[in-house]
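Throughout, read-outs are computed from the coordinates displayed, never taken from laboratory work. Quick caveat, the model's predicted, so the values are computed rather than measured. Backbone-built Cβ (ideal geometry, glycine too); neighbour counts: all protein chains shown.
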Amino acid sequence: MKLGINGLGRIGKLSLWHHVSRKHFSEIVVNLGRQVGGGLEDIASLIEKDSTYGKLSTYLHGHKGGRVIENLNEAAGTMTVNGVPVVILREARNPKDIKWQENNVRIVVDSTGVFKDPTADADAKSGSVRGHLQAGAEKVLVSAPFKIKSKGLDMPADAVTAVMGINDDDYKPEQHSIISAASCTTTCLSYMIKPLLDHFGAERMLTASMVTVHAATGSQKVLDSVPSAGATDLRKTRSLLNNIILTTTGAAKALSLVIPEMKSIGFIAESVRIPTATGSLIILVMNFQDEMENPIKRELINGIYRDYAANSPYLQYSEAQNVSSDIIGTPQAAAVIEGTETHTRTAALKVHLDHLKLKGFEFDPGKVPAVLEIPVTQSVIYGWYDNELGSYTNMLGDLTVSVANQMV
């Protein structure tokens, strides 16, 4: 089977690295949609070198790695990368016009970050993820969370969000044609939440909040720039090189698609961008209903993660004192739990019943205590993730292969 990749940005390029290493697909067709530099030689150079991860040859074969991109044919737009035939398309930017059918491509990874609305019509002027299906693909994986632009529209029946190892069984081959692999943050967060949810159950989880301390992304500005007309968040135009920048994340909303039990738990998610190339961190705060006699301790929390990691290829538990660069390239680790920094505190939450106004509840001072004390444990958990190659691209690669293996 042939694999199509639309876009050669951060995730597109690293997906190509992943799949030429894995060699599951017999051929890879990459759509750039435009001419690049002086031609195919410059595209080969783009593929071979990376400022964050080094050279493709080193990634594949270590420091003794030699030339891995060969047989360049400018007229045909073809090359061989680590022995895998690769075709480069440089004509169409709109998904519906890409020559997937002519190249016998049945499964496509859209890594542009542009086509995220599964409700948009295939013939939309600005393009749509459904255009890939019109162009001949049977399955499309989107390397970003879905974003429905029109309010009031529901998620189409043929679209699903899946994180490998968490809810990939929600994908039904006979039903779903468009699959979102969520985001790097949602992927990490799901592996921080799931072990706790399995152990304690949703009924004991009162509230949760997270902050992702996130590496810079391609949508940010290298230098300060003038905001576009109507812009409301002026921080998006500030230099990523010089600033810690507050921004937003859709991780909480996407998490409820992956782990539906989280819909019943109050959850807040925030994001801070920092001037590093990759390597990000989630600080997760969970509040549990507990008991004073035998409260939840850090040893229990760490034990839960340690046991889960022993049986999961996607979660790692560490008691090393890591920094962000230590996580870069960590293979297939959706999250690396920093066990040394897990903390818990238990206290009695005092609820003044005479202040409550609940439907069906009447406070009777003679029968009910004025103050109800409820033991609550707050836990703080740190989870690292390589938001580009190590975590997200490898997880996306596994999901892509899983979907391909279920195609008839």
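For the pairs K2/K23; K2/K116; K125/K236; K151/K172; K116/K263, flag any whose C-alpha to C-alpha distance is greater than 18 Å. Check vs 18 Å cut-off fails for K2/K116; K125/K236; K151/K172; K116/K263. Excluding same-chain residues fewer than 8 positions from K221, which aspartates and glutamates have a Cα within less than 18 Å of its Cα? Within the straight-line limit of under 18 Å, K221 reaches these aspartates and glutamates: D233.
A convex hull fitted to the Cα coordinates of the stretch 80-122 yields 106 cubic angstrom per residue.
So for the stretch 1-120, Kirkwood radius off the Cα pairs, Stokes-Einstein at 20 °C and 1.002 mPa s: how many µm² s⁻¹? In µm²/s, the coefficient rounds to 146.
A crude spin-label estimate for the pair I244 and K125, with each label 7 Å from Cα along the Cβ direction, gives 4.4 nm.
Neighbours of T340 by Cβ distance under 12 Å: Lys/Arg scored +1, Asp/Glu scored -1, total -2.
Add +1 for every Lys or Arg and -1 for every Asp or Glu among the other residues with Cβ under 11 Å from the Cβ of A124, and state the total. Residues close to A124 contribute a combined charge of +1. Applying 0.36 nm per residue to the separation of H63 and D170 and subtracting their alpha-carbon distance, the gain on full extension is 34.4 nm.
Local charge for V380 was computed over the other residues whose Cβ lies under 14 Å away, with Lys and Arg +1 and Asp and Glu -1, and equals +1. Lysines within cross-link reach of K55: Cα-Cα under 17 Å, excluding same-chain residues under 8 positions apart? Straight-distance partners of K55: K13, K64. If you take the alpha carbon atoms of the stretch 298-351 and fit the smallest convex hull around them, that volume is 112 Å³ per residue. Can you classify the stretch 143-193 as rounded, prolate or oblate using the Cα gyration tensor, where a ≥ b ≥ c are the square roots of its eigenvalues, rounded means a/c under 1.5, and otherwise it's prolate if a/b beats b/c and oblate if not? It comes out oblate by the Cα gyration axes. By the gyration tensor of its Cα atoms, with a ≥ b ≥ c the square roots of the eigenvalues, what is the shape of the stretch 265-322: rounded for a/c under 1.5, prolate for a/b over b/c, or oblate? It comes out oblate by the Cα gyration axes. By the compact-protein rule of thumb, 2.2 N^0.38 Å, the alpha-carbon radius of gyration of the stretch 15-71 corresponds to a ratio of 1.17. The angle between the Cα long axis of helix 298-310 and the longest principal axis of the Cα atoms of the chain comes to about 30 degrees, rounded to the nearest 10. Annotation for the stretch 257-342: GluC sites (Glu not before Pro) lying in DSSP loop with at most 16 further Cβ atoms inside 10 Å of their Cβ are E291, E293, E319. Length available on full extension from A348 to E270: 0.36 nm per residue minus the Cα-Cα distance, which gives 25.4 nm. In terms of its alpha-carbon gyration tensor, the stretch 155-300 comes out oblate; a/c meets the 1.5 threshold, while b/c is at least as large as a/b.
Charged side chains reduced to their Cβ positions (Lys and Arg at +1, Asp and Glu at -1) give the stretch 145-184 a dipole of some 340 debye around its Cα centre. The long axis of helix 394-405 is offset from the longest Cα principal axis of the chain by roughly 70 degrees. With a cut-off of 11 Å, note down the residues of the stretch 102-127 whose backbone N falls inside the zone around a label point 7 Å from the Cα of S150 toward its beta carbon. Under cut-off, by backbone N: 119-122.
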